[in-house]
2 protein chains.
Amino acid sequence: MVNKDPFYLGRLQDYYALHRLIPSYAEIASLVGVSKQGAVKFIDRMIFAGYIRKGAGGRLSPANMFFARPHVGGAPAGFASPATEVLGDAITIDEYLVERPSSTVLVSVRGDSMIDAGIHDGDFLIVERNTNPNIGKIVVAIVDGDFTIKYLRSGSDGLFLEPANEDYPNIYPETSLDIYGEVVGQFRKF
Amino acid sequence: MVNKDPFYLGRLQDYYALHRLIPSYAEIASLVGVSKQGAVKFIDRMIFAGYIRKGAGGRLSPANMFFARPHVGGAPAGFASPATEVLGDAITIDEYLVERPSSTVLVSVRGDSMIDAGIHDGDFLIVERNTNPNIGKIVVAIVDGDFTIKYLRSGSDGLFLEPANEDYPNIYPETSLDIYGEVVGQFRKF
DNA sequence: CAGCATGGTGTACGAACGTACACTTTGCAA
DNA sequence: TTGCAAAGTGTACGTTCGTACACCATGCTG
């Protein structure tokens, strides 16, 4: 018989996605269809493999591997390479995209002025609050009290904002330029 | 005295960040420095406010509000709207993008054949394994042993694949069409 | 000032939990 | 084919958990 652990783990991951909680051994048992002691042994294997941790009182919590998603590279038909190869240390998408949670906000995109940078209407941007971003980065600026997503450029007359859509003009600030933060990531649901 | 709940909650969030687990009432009590019954009352308030949920056996798990990240809408200068307005139930980016963890894989994008759909070289796609996706969706297909991201279309001669880049031709399968899964989300780091 | 909701403490108890031990079954390797 | 490790079952046990009830202190409101 093939190894059933991936199937068991899948059940556990789906349960966790729903409840944000690793259930008790008894619940795991009925969840995957084995006895309670079978669940104990299964969890022992998962702990050994780095999918599950034990907290105070023996309560179970997910470990790093629990969130690791199978990653399928661009390579032809090679299904097996683990996510860590490309994503590096990061395991959850959150951790990959958000490096400094306390200074990070989400911004939803309106309009298509940055469409050539792959930022579409309805996308979410991960924005790190930082009023002095580097030249050339995509920034969230405040122009006339409105949020604007643009490239931050430097010209002979100082800083200005450049859209990534040839239908839109550059924005040259009349007085000063209010930068809200720097765009460090983006995500979207289809 | 001011309301100490935010302070308590902060302790709880720090603990959760470390252990990915809401501790028991007894542990909460020592964590925030009250009696066990004080912890019970505190958690009751958190449940009422939508920060905590109760799972099977009365075990505690984080609810929506527990993860709430500041979200800045497209609205002019309105900083305050909570993430739930736009993101719906999901709070973490992972949970927003990945609905079925066990059948979801990540695929990294090579090439620019889907650039008009906002899918660029180097992006990550969230792909739900599903060999029978709906017409019109973006799918991961296997063509000549290679992964290809394309729109799934239906024509008079059956299914075919359409890129989102006018420099690329449609792909009409000679025999059958191997569909790996459906693209449900996308993310990228800048 | 009386009333009452709020936040907190102490004690008690049954149920559920994690753990341990003995045993069975299966598959692979010597 | 014998041996052994892995995977699973059944039963039992002490501990911890969540829950309930009674009670106290504080602060706001009619």
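The values are calculated or read from the model by the stated rules, or taken from the named source; none is laboratory data. Nothing here was measured: the structure is a model prediction, and the numbers come from that model. Cβ: placed from backbone, ideal geometry, glycine included. Neighbour counts: every protein chain shown. Heavy atoms of the whole protein, side chains included, go into the accessibility calculation; ligands, DNA and RNA do not. Shrake-Rupley method; radii C 1.70, N 1.55, O 1.52, S 1.80 Å.
Observations, loosely collected:
- Spatial separation of Cα centroids for the range B:117-155 and the range A:1-69, in angstrom: 31
- If you sort B:Ser35, A:Ser103, B:Ser30 by accessible surface, 1.4 Å probe, largest first, the order is B:Ser30, B:Ser35, A:Ser103.
- For chain B, the longest principal axis of the alpha carbon atoms and the long axis of helix B:5-19 meet at an angle near 50°.
- The mean number of Cβ atoms from other chains found within 10 Å of a Cβ in peptide A:5-14 is 2, as a whole number.
- Distance histogram in 20 Å bins (all Cα pairs of the protein assembly as shown, percent per bin): 25, 51, 23, 1
- Projecting the Cα atoms of A:Tyr151, B:Gly118, A:Phe66 onto the dipole axis of the protein assembly as shown, where Lys and Arg carry +1 and Asp and Glu carry -1 at the beta carbon, places A:Phe66 farthest toward the positive end.
- The angle between the Cα long axis of helix B:36-48 and the main principal axis of chain B comes to about 40°, on a 0 to 90 degree scale.
- Under 5 Å between amide hydrogens, built in the peptide plane, is the criterion, and for B:Gly185 it picks out A:Phe190, B:Ile126 among residues at least 5 positions away or on other chains.
- Rg and Dmax of the range B:5-62, based on Cα coordinates, read 10.1, 27 Å.
- Accessible-area value, B:Phe42, 1.4 Å probe, nucleic acids and ligands omitted, Å²: 0
- Rg in Å to one decimal, and Dmax rounded to a whole Å, for chain B via C-alpha atoms: 23.2, 75
- Amide hydrogen neighbours beyond the local backbone of A:Met114, cut-off 5 Å, H modeled: A:Ala164
- Expected 222 nm ellipticity per residue - DSSP helices of 4 or more, -39500 (n - 2.57), all of chain A, to 500: -7000 deg cm²/dmol
- For the residues A:Phe190, A:Phe66, A:Phe147, a 1.4 Å probe over the protein chains yields an accessible-area ranking, largest first, of A:Phe190, A:Phe147, A:Phe66.
- Across the identical copies, the 7 Å label point of A:Arg110, projected outward along Cα→Cβ, sits 4.1 nm from its counterparts, in ascending order.
- For A:Lys54, the accessible surface of its heavy atoms amounts to roughly 110 Å² (probe 1.4 Å, protein chains only, rounded to the nearest 10).
- For peptide A:50-60, the mean count of partner chain Cβ atoms within 10 Å of a residue's Cβ comes to 3.
- Placing unit charges on the Cβ atoms only, positive for Lys and Arg and negative for Asp and Glu, gives the protein assembly as shown a dipole magnitude near 2740 debye about its Cα centre.
- Given R0 = 25 Å, the distance between the Cβ atoms of B:Leu18 and B:Phe48 translates into a calculated FRET efficiency of 0.45.
- In this simple spin-label model, placing a label point 7 Å from the Cα along the Cα-to-Cβ direction at both A:Asn170 and A:Asn64 gives a separation of 4.5 nm.
- Signed unit charges on C-beta, dipole axis of the protein assembly as shown, positive-most listed residue A:Met46, B:Ala164, A:Ile179: A:Met46
- Shielding by other protein chains, A:23-35, mean Cβ within 10 Å: 1
- If R0 is taken as 56 Å, the Cβ-Cβ distance between A:Arg110 and A:Lys4 corresponds to a FRET efficiency of 0.70.
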